[in-house]
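The values are calculated or read from the model by the stated rules, or taken from the named source; none is laboratory data. Treat the numbers as computed from the prediction; the structure is a model and nothing was measured. Heads up, the Cβs are rebuilt from the backbone with ideal geometry, glycines too, and the neighbour counts pull from every protein chain shown. For accessibility, only protein heavy atoms count, side chains too; no ligands or nucleic acids. Shrake-Rupley method; radii C 1.70, N 1.55, O 1.52, S 1.80 Å.
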Number of protein chains: 2
Amino acid sequence: MPQPSAPRKTLGRPPRISREEIIETARRIVDEGGVGKLTMRRLATEVGSTPMALYHHVRDKEELLVLLLDDYADRNLRRPELPADPRERILVAATAVHDALAACPWIVEVLTADDLMSTNALWFVEQIVDGLIECGLSPDRAVHAYRAVWYYTAGEIVVRTTAARRRADDERATYREQVFADLDTRELPRLAQVAGRWAPLTAEDTYPNGLRALVDGLLLSR
Amino acid sequence: MPQPSAPRKTLGRPPRISREEIIETARRIVDEGGVGKLTMRRLATEVGSTPMALYHHVRDKEELLVLLLDDYADRNLRRPELPADPRERILVAATAVHDALAACPWIVEVLTADDLMSTNALWFVEQIVDGLIECGLSPDRAVHAYRAVWYYTAGEIVVRTTAARRRADDERATYREQVFADLDTRELPRLAQVAGRWAPLTAEDTYPNGLRALVDGLLLSR
DNA sequence: ACCTGAACACCGTTCAAGT
DNA sequence: ACCTGAACACCGTTCAAGT
């Protein structure tokens, strides 16, 4: 993603819109109406231009989305004070990333990206990998462990915000309720036993507990 | 998702297409060309009908997708022999679900559903929850622990298959490489240190290791 | 170099009518 | 009860032309 960089001295028509302006407007549209409202056409009109002008500043819609995620990370991932203890540092850094991303429901569509790549987000990755190494993992194992943390974090956000969306949609959730009401007590006794508590239980925020368990388990192996 | 149930005796025009036929054809389209090729219009023509006829059998496209996921789970989640040891049982059941879903790249779009709900998939959930209880967790904690496993599993699949897709797309991956090549060695020393090995390291299949760590960590707490 | 207009090749879904 | 045709209100992107 090459930055447009310094003001160009080359000849030609002066730009009427900038990458920054595009991203800024895109952010506003998404904040107001969700990522579903962000279309190249609408973005163009809100930026006071035509759809095709946008393609001079971003390659396509997917690049725009990734740009938007990076912008969000740069803007919302303020670096917290990190504890000296490496295990605690891992937990605090991962939770900070998690909380910032989870606060932003539209992120899911883009979050499936391979990794967070904004320089600001990389600082958190650094802290986690460093904490893992300080806890005694080799650098290679630390990368694997970091990835496990990222899988868990991304999965938690994706699954939970999609569930919340479905709940808002109404009546889609009743399918789950119906399935759970009709559970075969003989074949699925444990699920039948917790069926009534499933909704409240899965609504609880268990990210920190699961994260701690995962990190402890990852550190067990050395 | 009410089943169409027994052959209806009520009067009226006899159905020309069935829900089963729709799902079967949808599955074929998706298998051949990916989930992106599945449109209501194309599905209609391949089933020999019109777009609007489909809406008599499924509520909308999202319901069709969930139906398709359930169909896939019923068809591909063959129940393995499970070990007697509860911890091993958890690992084998979770890995079986993971492997079946990971083998199916189109699943990602639907996987963000709250939970797997086909009766066949629920058997695996039952095995995991049961194993966790047998290991000494309370039923409530077992549900939370199962959810952590599901977050980790869904996250791993979503992140990895999206990454693979991006790699196939080409040149999108080079962004990551560029960022990693330009890492500030002073500010991000650990990442700079592993930068060269990042791609192969993250390409390795570490699902089973991470799963074991997570489960061990979850069992530590009681 | 940057922007525009028109067009291409699509979408999911609603509505009113037919059998 | 089930299906059709036409239409609505959109999409992302390409291409050729303008300034």
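Computed values, structure above
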item	result
Shape category assigned to the stretch B:183-222 from the gyration tensor of Cα positions, a/c cut at 1.5	oblate
Listed residues A:76, A:120, A:209, most fluctuating in chain A (Gaussian network, C-alpha, under 10 Å)	A:209
Shortest-first distances to equivalent copies, position residue B:177, nm, label 7 Å out along Cβ	5.2
Cα shape, the stretch B:141-206, gyration tensor, a/c 1.5 rule	oblate
Of all accessible heavy-atom area on the protein assembly as shown, the percent that carbon and sulfur account for (1.4 Å)	51
Convex hull volume of the stretch B:10-97 per residue (C-alpha atoms, cubic angstrom)	137
Karplus 3J(HN,Hα) series, Hz, for the stretch A:27-32 with 6.51 cos²θ - 1.76 cosθ + 1.60 (x for Gly, Pro)	4, 5, 4, 5, 4, 7
Charge dipole magnitude, Cβ of K and R +1, D and E -1 - the stretch A:163-222, Cα centre, debye nearest 20	260
Surface/4 estimate of mean projected area, convex hull on alpha-carbon atoms of the protein assembly as shown, nm²	25.0
Most positive-pole-ward Cα, A:144, A:64, A:129, against dipole of chain A from beta carbon charges	A:64
Charge dipole (debye, nearest 20) of the protein assembly as shown; +1 at Cβ of Lys and Arg, -1 at Cβ of Asp and Glu	1020
In the B-A interface, the accessible area buried, summed over both sides, Å² (probe 1.4 Å)	6400
Which of A:73, A:26, A:104, positive extreme of dipole for chain A (C-beta unit charges)	A:26
From phi via Karplus (6.51, -1.76, 1.60), per-residue ³J(HN,Hα) for the stretch B:74-81 in Hz, x at Gly/Pro	4, 8, 10, 8, 6, 6, x, 5
Debye, to nearest 20: dipole size of chain A, +1 on Lys, Arg Cβ, -1 on Asp, Glu Cβ	580
Cα pair distances of the stretch A:45-184 binned at 10 Å [whole percent]	10, 31, 27, 19, 11, 1
Helix axis angle, B:119-134 relative to chain B longest principal axis, alpha carbon, degrees	40
Under the Karplus curve 6.51 cos²θ - 1.76 cosθ + 1.60, θ = phi - 60°, whole-Hz ³J(HN,Hα) for the stretch A:45-58, x wherever Gly or Pro sits	5, 5, 8, x, 9, 10, x, 6, 4, 4, 5, 7, 10, 9
FRET efficiency for residue A:84 and residue B:84, using Cβ-Cβ distance with R0 set to 51 Å, rounded to 0.05	0.70
Estimated [θ] at 222 nm from DSSP helical runs (n ≥ 4, -39500 (n - 2.57)) normalised by residues in chain A, nearest 500	-20500 deg cm²/dmol
Residue B:221 long-range amide H proximity, modeled H, under 5 Å	none
Label spacing, shortest first and in nm, from residue B:37 to its equivalents in the remaining copies (7 angstrom along Cα→Cβ)	3.6
Label point 7 Å beyond Cα along the C-beta direction, distances from residue B:200 to other copies (nm, shortest first)	5.3
Computed E for residue B:55/residue B:203 - FRET, C-beta separation, R0 51 angstrom, nearest 0.05	0.75
Extension gain from residue B:164 to residue B:99, taking 0.36 nm per residue of separation minus the Cα-Cα distance	21.8 nm
Per residue accessible area of the protein assembly as shown, 1.4 Å probe, in Å²	49
